[in-house]
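One structure is given here, and the rest of the page talks about it.
The values are calculated or read from the model by the stated rules, or taken from the named source; none is laboratory data. Since we're looking at a predicted model, the values are computed, not measured. Methodologically, a virtual Cβ is constructed for each residue, glycine included, from the backbone with ideal geometry; neighbour enumeration extends over all protein chains shown. For the accessible areas, the whole protein counts, side chains as well, though only heavy atoms, and no ligand, DNA or RNA atoms are used. Shrake-Rupley method; radii C 1.70, N 1.55, O 1.52, S 1.80 Å.
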Amino acid sequence: MHPIFADKQRLALYMAAWLVIAGLLCVLMVMMNALQWSEAVALLLPMSFIYAFMCLASLYVCKAFPLQQTPFLKTLSVVVAASFLSSGLWLLVGKGVATILSRFDLFAGLTVKFDSGIPLLFGIGMLLFVLATVVHYLLLAFDSARAAERKALELQVLAREAELKALRSQIQPHFLFNSLNSISALTASDAAAARAMSIQLADFFRTTLKLGQQQFIPLVEEFNLAEGFLSIERVRFGSRLMFEKRLAEGCENIPVPSLILQPIVENAVNHGIAHLVEGGTVTLSSERNESLLRLRVGNPCDPGRPRSKSTGVGLENIRRRLRTLYGDEARLAITNGTHEYSVELTLPVHHTSNT
């Protein structure tokens, strides 16, 4: 929909502006003795409102030739050509209105007066179309700025949600109680291991709090965070939980959204490894293919595993963050096989690198 029609206030202001323009045209034609007042009002008022709607077409000129991507001379040529064509069509409409009015005695001879004023009206028509084009360029810039502002706000909300979710996952009773129980058990049998796990737990909390406040972090830090989480969980699962990390060369410093892998790694443990008696390996890998970065988290799963009670909030949050950050350039793909479950993220490298 045209942005002016989408906003009633804009439409009212636009039509009010054209009412003023119609009044000025009437004054001009009367002062030049080209028309009488009654003739000017009867002819120029409908002509102005018709041209108001014709000038809305300048929006498509603006969209087809955006200022940031089109050379100035080319834009100027297109606008002048479009204004020439529009003004000519407007005068044809005006000629029709004058012909109809001239059938009434009050407006006898109006077509002759109209013909004598064609050069002036043609120039005014071109000027009005150019002004309408400028207004539409400003409207597009304003709408673009508002869209960017909305996107920034949405990003802040999503980042805050991710941070809060990370905080919730850190302090969720299961994770915290299991970790504390493991530490308690170790203090009797292996005090050094208990101390090491306490340090790991503290480091994990501290790092998550720090990274969660940043929008993008290097991929190597995201991998290290996942490894820290799995190291703590491994105390609980023992040899049942193994971890394999394959960080491709050259991918270490590629910026990725902070904590983007955390919910996926948690799911791999809680909904994958936890249901396997013999346990399994959580694999985390990266691959760069020219302008795309692929991140994959995989885990074995029980073919007869119970239906997950998870609401999928974590994955949906990731989808929303990717859509907000990259639009259609990023995607999340899930492969739910009989014996393996994996989640793959595809991100545009050029986008993240410039952020």
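Of note:
- The residue pairs whose first member lies in the stretch 223-250 and is touching a residue at least 40 places away in the same chain (Cβ under 8 Å) and crowded, with 21+ Cβ neighbours inside 10 Å, whose second member is of a type in the set (K, R) and outside any helix (DSSP H, G or I), and whose beta carbons are closer than 7 Å, counting only pairs six or more residues apart or on different chains, are F223/K245.
- Search result, residues across the stretch 275-295 that are of a type outside the set (D, E) and either assigned to a loop (DSSP other than H, G, I, E, B) or at pLDDT below 90 (or both): H275, L276, V277, G279, N289, S291
- Entirely in the stretch 21-139, the helices (runs of 4 or more DSSP H) that have 1 or more residues that are under 23 Å from M1 (Cβ atoms) and open to solvent by less than 60 Å² (accessible area, probe 1.4 Å): 37-54, 58-64, 72-101
- For the stretch 96-117, a tally of residues being at negative phi and either of a type in the set (K, R) or more than 54 Å from the chain's Cα centre (by Cα) (or both) returns 10.
- Number of residues in the stretch 1-20 that are open to solvent by 40 Å² or more (accessible area, probe 1.4 Å) and in a helix (DSSP H, G or I) equals 11.
- Scanning the stretch 191-212 for residues that are more than 32 Å from the chain's Cα centre (by Cα), among the polar types (S, T, N, Q) and buried (at least 18 other Cβ atoms within 10 Å of the Cβ) returns a single hit, Q200.
- Failed item in (1) without any contact (Cβ under 8 Å) to a residue 24 or more places away in the chain; (2) touching a Ser or Thr at 6+ places or on another chain (Cβ under 8 Å); (3) closer than 30 Å to P303 by Cβ, with A194 passing the rest: (3)
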